[in-house]
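Enquirer: Provided herewith is a single structure, encoded as structure tokens, for subsequent inquiry.
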Amino acid sequence: MSTLQSRSSVLAAGVLTAFLVVPAGTAHAQGLAGPAEGESINDWTARWMDGPVSLIATSEEEEMYGGFGSASERLQFIRLFWERRDTQYRGLRNEFLDEFEIRLEYAEDKFATSRQSGWETVFGHVVLLFGEPARTRREMGFPSGFSDRAPILWSYDERLPGMEPNEDMLFVFRGGRWKLMPPYPSGPTGVPEQMRQAERRTLIGPMIPSDYQIAVDQAIEASLVNPVDYAAVADRVESSVQLPDAQIPFSWTVDTAAAPGGQVEVTVKLSWRLGALIFHLVDGDFVTDMVVDIQLVDGDDVGGATSERVLIEVPQADMASRREEMIIREVTFTAMPGAYDLELLLLDQLLGYRTVYRDEIEIRRP
């Protein structure tokens with residue numbers, strides 16, 4: 001076996017699994033729904049509800065979150081927020097969170113502008129709530145003056161909640177930006193065309209069509225699959241959240257060995273101090289729960305990939321004495337020799353954000 005590469009970096013307090021700070025010129029990391037580079041946990045949690053999650057939160061959740069004054073309270077709330085939406089309660093992965101991250105990445109990739117993040121656009125709103133459309137098209141047949149550009153129609157294969165069957169999402173460009181209009185019939189519906197035309201004539205401002213708002217409300221309601229007790233957050237928060245300490249070293253190495261069929265066995269070893277992680281008190285133990293996705297990427301092709309859950313449970317009484325303990329995880333997969341981008345994705349399942357760490361790597365057969 002040969003050691004190909006190793007990296008070590010220093011993490012700001014509370015940023016592990018949110019943003020990996022690496023030496024200039026060696027790699028690039030980006031927090032998608034978590035802290036920005038160098039941002040503290042306090043600053044991140046203070047703005048968390050103003051970010052993409054605001055589109056899927058209930059009004060009660062927004063109001064409660066706004067009343068918290070400490071990062072510890074907000075972190076405990078965030079954990080419960082995602083737990084409330086976990087379709088496989090405390091399972092291997094939070095499928096709702098996975099899908100939300102996929103939709104967020106799609107919105108940022110397709111719709112971000114110099115003035116807005118992708119999720120802030122009307123297209124991003126729809127994607128985060130209902131997913132990527134099955135089909136899109138430009139519609140040239142609308143009356144002159146209806147839209148400054150050809151309207152855009154989005155079709156979904158499944159009926160959206162609160163909307164009639166055979167109706168598409170309709171986007172028009174007015175006043176220098178895209179806006180969402182009442183649904184456009186792509187087939188027989190229960191809504192008379194005269195009514196739709198009247199609705200469109202009245203919606204000249206930025207207001208949200210009532211049909212869309214109904215669909216949004218129903219989608220949010222359907223996502224709330226587990227009961228949670230937000231009201232108890234502030235009462236027990238001091239003993240329920242273990243915050244990380246400052247300046248935590250993080251490192252990784254890549255080892256290789258020959259594998260059958262001309263392939264290479266690739267082993268990625270990750271290590272960090274236990275004190276680098278945010279822990280939550282669950283049933284008497286401090287718990288942190290991450291999923292590590294590792295893959296080798298060559299353009300649009302994936303040369304090799306694997307995934308592993310990192311679930312760490314520490315008895316409450318032992319936390320103080322174990323903070324210097326090193327946590328080590330090794331994951332192994334096979335790939336063909338070649339030049340790749342190594343991607344390390346660390347998804348914090350309790351707090352709902354992901355780190356994306358990238359570096360160039362050459363895989364050679366020993």
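Enquirer: What FRET efficiency would be calculated for the residue pair Ala134, Arg322, taking the C-beta separation as r and a Förster radius of 45 Å, to the nearest 0.05? Please list the in-between numbers first.
Expert: Details: r = 50 Å, r/R0 = 1.10.
Once the sixth-power term is evaluated, E becomes 0.35.
Enquirer: Can you put Thr334, Thr288 in order of Cβ neighbours within 10 angstrom, beginning with the fewest? The partial results should precede the final answer.
Expert: On the way: Thr334 15, Thr288 25.
Neighbour counts put them in this order, fewest first: Thr334, Thr288.
Enquirer: Still on this structure, I have one more. Just in the range 58-130: which chymotrypsin sites (Phe, Trp or Tyr not before Pro) are loop by DSSP and have at most 10 other Cβ atoms within 10 Å? The partial results should precede the final answer.
Expert: Numbers: sites: Tyr65, Phe68, Phe77, Phe81, Trp82, Tyr89, Phe96, Phe100, Tyr106, Phe111, Trp119, Phe123, Phe130; in loops: Phe68, Tyr89.
Answer by residue number: Tyr89.
Enquirer: Right, here's the next one. Hey, rough spin-label estimate for Asp283 and Phe146, points 7 angstrom out along Cα→Cβ, what's it come to in nanometres?
Expert: According to this spin-label approximation, the distance is 5.7 nm.
Enquirer: Would you list Lys269, Lys179, Lys110 from fewest to most Cβ contacts within 10 Å? Please list the in-between numbers first.
Expert: Numbers: Lys269 16, Lys179 19, Lys110 13.
Ascending number of Cβ neighbours within 10 Å: Lys110, Lys269, Lys179.
Enquirer: Would you mind checking which residues have amide H under 5 Å from Ala112's amide H? H placed 1.01 Å from N; only 5 or more apart, or other chain.
Expert: It is Gly118, by chain and number.
Enquirer: Within the range 78-110, find all residues whose amide N lies under 18 Å from a label point positioned 7 Å from the Cα of Glu62 along Cα-to-beta-carbon.
Expert: Under 18 Å, as judged by backbone N against the label point of Glu62, lie 78, 81-82 of the range 78-110.
Enquirer: Using modelled backbone amide H atoms (1.01 Å from N, in-plane), which distant-in-sequence or interchain residues come within less than 5 Å of Leu311's amide H?
Expert: Under 5 Å from the amide H of Leu311 lie the amide H atoms of Met290, each far enough along the sequence or on another chain.
Enquirer: Same structure, new question: Counting only Cα atoms, I'd like the Rg/Rh figure for the range 322-366, Kirkwood definition for Rh.
Expert: Numbers: Rg = 14.6 Å, Rh = 13.5 Å.
The Rg/Rh ratio comes out at 1.08.
Every read-out reported here was derived from the displayed coordinates using simple, explicitly stated rules and does not represent laboratory data. Being a predicted model, the structure only gives us computed values, none of them experimental. Neighbour counts run over all protein chains shown; Cβ positions are idealised from the backbone, glycine included.
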